[in-house]
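Have a look at the structure below before the remarks.
Values in this text are rule-based calculations from the coordinates and carry no lab data. Worth saying up front: this structure is predicted, and the values here are computed from it rather than measured. A quick note on method: Cβ atoms are made from the backbone with ideal geometry, for glycine too, and the neighbour counts reach across all protein chains shown.
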Amino acid sequence: MRTRVYVLFSALVAVSIVPFPPAEAAAGRCGSVAVRPWCDRSLSPAKRTALLLKAMSRPEKLDMLAGDDLFGAALSETSAVHREGTLNGVPRLGVPGLRIVGGGAMGVHQGPMTALPSGLALGASFSTAAATGNAAINAVEARHRGNDILLGPAVDIMRTPAAGRAFESFGEDPYLTSRLAVSWIEEVQRGGMIAQVKHFPANNQETDRYSTNAVISQRALREIYLPPFEAAVREAGAGSVMCGYNLVNGKASCASRVLLDTVLRKEWRFRGPVVTDWIAGMKDTGTTVRDGADLEMPIGIHYTAGNLLQAVDNGQATWADIDRRLGATLRMMFRFGLFERAPRANDGKIDYAAHAVKNRRLAEQGITLLKNKDGVLPLERGTRVAVIGKPAAEFRSATGSAYVRPRSHVTPLTALRARGGVTYADGTDLGEAAATARAAKVAIVFVADHREEGEDLACLSLRCGDEELGDQDALVRAVAAANENTIVVMETGGPVLTPWATSVKGVVEAWYPGAQGGPALARVLYGDVDPGGRLPVTFPVRAGDAIMPAGKGRISYAEGVQVGYRRYDAGKLPVRYPFGHGLSYTSFRMSGLKTSGSRVSFTVKNTGRRTGYAVPQLYVRLPGSGQPVQLKGFTKFSLKPGRSRRVVFTLDARSVSTWAGKWKAARGCVAIGVGASSRDLPLKGRLCR
Ligand code: BGC
């Protein structure tokens, strides 16, 4: 009977608005309120925490400041019980433990699961609905595999296109990243998981990742790197925050009083735990426990009982400090109902088939059409197509803690073959590739890079994007010379150089599109669905124009706020494909811009012959020299031919403010640009206050 009730309720989880699924609530699990006053659910999490701290012994407290398991219950990633970390509770007092699993936009890192499109693919969706859809799958899978905390989302801004973990990010813009992160976190937490937003803050490259010191101005921190964290904490109520491996302005992120105590806890009123990235360096135990990270993962290195006692003995820290650190974790556990529910199990209740269908739709939302000369796309049914390149026959992804091994997947080659008329060459022999291309009406070359946690790309070129794939630029050139209708499909974890862009007719960026990337691509290429993506990152013409990772421990963020498209604009640099760009199979016209008060409105009309996705974007430029053009509004909708829609964006105070020791709203007039990318803003206006 119990099981049946559980099954019934688990189906409702996706729409549940309580902090954890109702089926899991077991009133009285915590214990009798008379004996354990912290079990009183009518009290606030803060009150309950204070009561519990009074009852805990000192050894019990010390024990809960660090995790208990080095990389999971089982070391093998293929094991059903593998997870990233655990924290043991205190059974004597009814304090539950925590089970922590890796995850993020690409899915749950726990053996074979639903492998979703990458973070950049989600960024490219320009859709908060897609973020919600992605998060819903993450929440269900993480929960039914027996976890409490999901180690995502990664909201670090993509500062350099060569970043090894660029694929995890939502792109180079803080506004886009913030909006997607808020929807993602809200849904993950609605689905009964606790999100852990990471890596706080300015964790933007992998070179020397355990020791780099990001030297960065307060303005750049506030305007570029902190906003997604601020939105995650203040708007979405993220349950936990992960501090990064790096230092910021000379202080370890996990031991920075200014960042953790002044900004995160006092200014943003974050009440949950700051958790160290896995084996992140702190400073010494005493300094850190005073106002640094709350919980050390996955095991105690600084927060061992011995070190903590010594810090108290020599006056570096007090028991009140220890209570404050532990209190943050306990408060989160009360807030998310952990004391009231049974520990979760790997209960086999995941509908992977349903998730596969949703996964395909998510991939379609991110696939970005960058070039479509002579309307080479969509393909007509029955066209003779040469598919070239190994990536067409593979599941492409990145390696690292965000990697998700797909339970099943469909490659682009399989999905395209199902349409008929396809020949294939893997591209290792240029002569064979050219001959295959020549014999077909259209040639589609698949190229890819390989990104990994722990290492940045040595170069941005597809000549060296992946050792096993060899010189892919040469492959594209050989195919383009053989077939005038050549289309390049990229599966990359960030921007790469496209020196052949002018000699091919079509260019599509599919990112790492996940396990259903094949069918999604086939549907986009054949026009069953409009390409949904817009670029969340700029594609530069030359590597030298981009910021590249720095070595030797110190990274000077000398560019300040000129990051991503702001940088290329400030330097008046040509770009291959601008931020926000992405074509549809139909055409849109924007007109009728009106500004009044803080509102900007305009009309979007589908002037083409097909139904398509419109993604109008609003950019502002504050008065004063050197102010960047910046995204402050976007929306996405499907529009039928001939139809129009009036769009209204409202700018809040923050959207027109700059950081000068505090947020200062612009005086005078703000320049407004509305259009289809950061460099295509046909509607211009001013908003004067
Ligand atoms: C990564 C984190 C990840 C953690 C646990 C670390 O190496 O930087 O992003 O959550 O491992 O897998």
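Which one, Gly544, Tyr512, Thr383, is farthest towards the positive end of the dipole of the stretch 366-556 when Lys and Arg carry +1 and Asp and Glu -1 on their Cβ? Of the listed residues, the answer is Thr383. Listing Cys669, Cys688 from fewest to most neighbouring C-beta atoms within 10 Å gives Cys688, Cys669. For Lys54, the lysines whose Cα comes closer than 29 Å to its Cα, not counting residues fewer than 8 places off in the same chain, are Lys266, Lys283. Note on Phe579, Phe270, Phe200: ascending count of other Cβ atoms within 10 Å places them as Phe270, Phe579, Phe200, the fewest first. Amide H contacts under 5 Å for Met242: Val197, Lys198, Phe200, Val275, restricted to partners 5 or more places along the chain or on a different chain, H placed in the peptide plane at 1.01 Å from N. Using θ = phi - 60° in the Karplus curve 6.51 cos²θ - 1.76 cosθ + 1.60, the 3J(HN,Hα) couplings for the stretch 105-113 round to 4, 7, x, 8, 8, 8, x, x, 9 Hz; x is entered for Gly and Pro.
By the rule of a C-alpha distance below 22 Å, with chain neighbours fewer than 8 residues away ignored, the lysines paired with Lys441 are Lys371, Lys373, Lys390, Lys505.
Rounded to the nearest 20 debye, the dipole magnitude of the chain is 3040 debye, with +1 charges on Lys and Arg beta carbons, -1 on Asp and Glu beta carbons, and the Cα centre as origin.
Here each label is just a point 7 Å from Cα along the line to Cβ, and for Thr607 and Val215 those points are 5.1 nm apart. Backbone geometry of the stretch 612-621 corresponds, through the Karplus equation with coefficients 6.51, -1.76 and 1.60 at θ = phi - 60°, to 3J(HN,Hα) couplings of x, 8, 9, 10, x, 10, 10, 10, 10, 10 Hz, x marking Gly and Pro.
Rounded, prolate or oblate for the stretch 463-617? Axes are the square roots of the Cα gyration tensor eigenvalues, ordered a ≥ b ≥ c, and the cut-off for rounded is a/c under 1.5. The partial results should precede the final answer.
Numbers: a/c = 2.00, a/b = 1.09, b/c = 1.84.
Because a/c hits 1.5 or more and a/b fails to exceed b/c, the stretch 463-617 counts as oblate.
Between the helical axis of 45-55 and the longest alpha-carbon principal axis of the chain there is an angle of about 40 degrees.
Amide H contacts of Tyr424 (H built 1.01 Å from N, in plane; Pro and chain starts excluded): Val387 sit under 5 Å, all sequence-distant by 5 or more or on other chains. Under 17 Å from a label point set 7 Å out along the Cα-to-Cβ vector of Thr423, the amide N atoms of the stretch 484-509 belong to 484-487. Summed over qualifying helices (DSSP H, 4 residues or more, each -39500 (n - 2.57)) and divided by its residue number, the chain shows a 222 nm mean residue ellipticity of -7000 deg cm²/dmol.
Tilt of helix 174-190 relative to the longest C-alpha principal axis of the chain, in degrees (0 to 90, nearest 10)? Taking the Cα atoms of the chain, the angle to 174-190 is about 60 degrees. Against the main long axis of the alpha-carbon atoms of the chain, helix 472-482 sits at an angle near 20°.
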